[in-house]
Amino acid sequence: MFARTLGKLLLTLYAIIILLPLLVVVMATMKDQQQFYMNPIGVPSSFSLDNYIHLFQSQPMLMYFSNSVIVSFSTVAVLLVLASMISFGLYRLKNKLSQTILLLFVIGLMVPSQVNMIPIHSFLRDLGLTNSRIGLILVSVSVLMPLSVFMINGFMKSLPREVFESASIDGAGESRMYLQIAMPLSVPYLAATATFLFVSVWNELLFPLLLITDQSKMTLPLALLQFQGEYSTNYPGLLSGVVIISLPMLVMFLFLQRFFISGVTAGSLKG
């Protein structure tokens, strides 16, 4: 009884620690710049949505939002398909070759993406893919592929091999086992991976900043830099953009929460 009560108190305290900064950010978006500088973390004297209205009137936010949606969903879709195929192949092979391939992906996790900024930019410039959503998608896929394979491969190991052995005896080929057995069984795992990858791509700033200079191709995080001037920064407008950026991630997590939790717990309990 004491342990349960203590656990609830600790969880409540943790929730307050997480929600308090979010509340401060939301309240800051209700202030004008004068109110913000006079009282950055306090309650606004009057609540107003002028910052959000001005944000959409002064900036093509729908265009930025569309670019982020296209890049994020395309990247996650390509990653899930390729990484699940690679992971299934490694799961089915289970020999020294598969272990070597998996080791190469693990080594890829150790190399920071910032190290490759110059060669990536030069390579995409030679291909004519700078200032394009396709180039940004390709870079995001290549950078996140090791992590995707590492995560999905760990989930694949929890799948029962007896199911695939029975399917093989019944004459099912590898492609059929992948499509009709592995993928349906991996839905919670794929949803958990997709949620993590979506957040990573949606919040990515480094490679859009490196590759995109055309305003019509900017993603939301890159567009927010426009609120930062040389001598001053419009913090209420900037924080309003942060709130707008955060909403799709919140909605996605709410829809995929059941799959995300079941995927993480299943991957941790089965070994």
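Protein heavy-atom accessible surface, 1.4 Å probe, per residue over the chain: 59 Å². Residue separation of residue 103 and residue 213 scaled by 0.36 nm, minus their Cα-Cα distance, works out to 36.0 nm of gained length.
Using the beta-carbon distance between residue 187 and residue 226 and R0 = 25 Å, what value does 1/(1 + (r/R0)^6) give for FRET efficiency, to the nearest 0.05? Taking R0 as 25 Å, the efficiency between residue 187 and residue 226 is 0.05.
If I take every Cα pair under 8 Å that is 6 or more residues apart in the range 1-93, average their sequence separation and divide by the length, what percent do I get for the relative contact order?
Details: 29 pairs, mean separation 15.8, N = 93.
Relative contact order of the range 1-93: 17 percent.
Comparing 179, 65, 148 along the charge dipole axis of the chain, the residue lying farthest to the positive side is 179, per the Cβ-charge model. When 213, 195 are compared by accessible surface with a 1.4 Å probe, the order from highest to lowest is 213, 195. In the elastic network of the chain, a GNM with C-alpha springs shorter than 10 Å, the most mobile of 42, 241, 171 is 171.
Would you mind calculating the relative contact order of the chain from Cα pairs under 8 angstrom and at least 6 residues apart, reporting the percent as a whole number? Don't skip to the answer; put the middle values down first.
Numbers: 241 pairs, mean separation 77.3, N = 271.
This gives 29 percent for the chain.
The long axis of helix 187-202 is offset from the longest Cα principal axis of the chain by roughly 40 degrees. Apply the Kirkwood formula to the chain: the hydrodynamic radius equals the inverse of the mean of 1/r over all pairs of different alpha-carbon atoms; give it in Å with one decimal. One decimal place: 21.6 Å for the Kirkwood radius.
Taking the Cα centre as origin and putting +1 on Lys and Arg beta-carbons and -1 on Asp and Glu beta-carbons, what dipole magnitude results for the chain, to the nearest 20 debye? List each step's numbers first, then the result.
Values: 14 positive and 10 negative charges, 155 e Å.
Dipole of the chain, to the nearest 20 debye: 740 debye.
If DNA, RNA and ligands are ignored and the probe is 1.4 Å, what is the ranking of 235, 189 by accessible area, most exposed first? Kindly include the intermediate steps, with their values, before the conclusion.
Values: 235 90, 189 15 Å².
From most exposed to least exposed: 235, 189.
By a 1.4 Å probe calculation restricted to protein chains, residue 13 has an accessible surface near 90 Å², given to the nearest 10. Evaluating 6.51 cos²θ - 1.76 cosθ + 1.60 at θ = phi - 60° for every residue in the range 60-77, the Karplus couplings come out as x, 4, 5, 5, 4, 4, 4, 4, 5, 5, 4, 5, 5, 5, 5, 4, 5, 4 Hz, glycine and proline recorded as x.
The values are calculated or read from the model by the stated rules, or taken from the named source; none is laboratory data. Since the model is a prediction, treat every value here as computed from it, not as a measurement. Positions of Cβ are backbone-derived with ideal geometry, glycine not excepted, and every protein chain shown enters the neighbour counts. Accessible surface areas use protein heavy atoms only, side chains included; no ligands, DNA or RNA. Shrake-Rupley method; radii C 1.70, N 1.55, O 1.52, S 1.80 Å.
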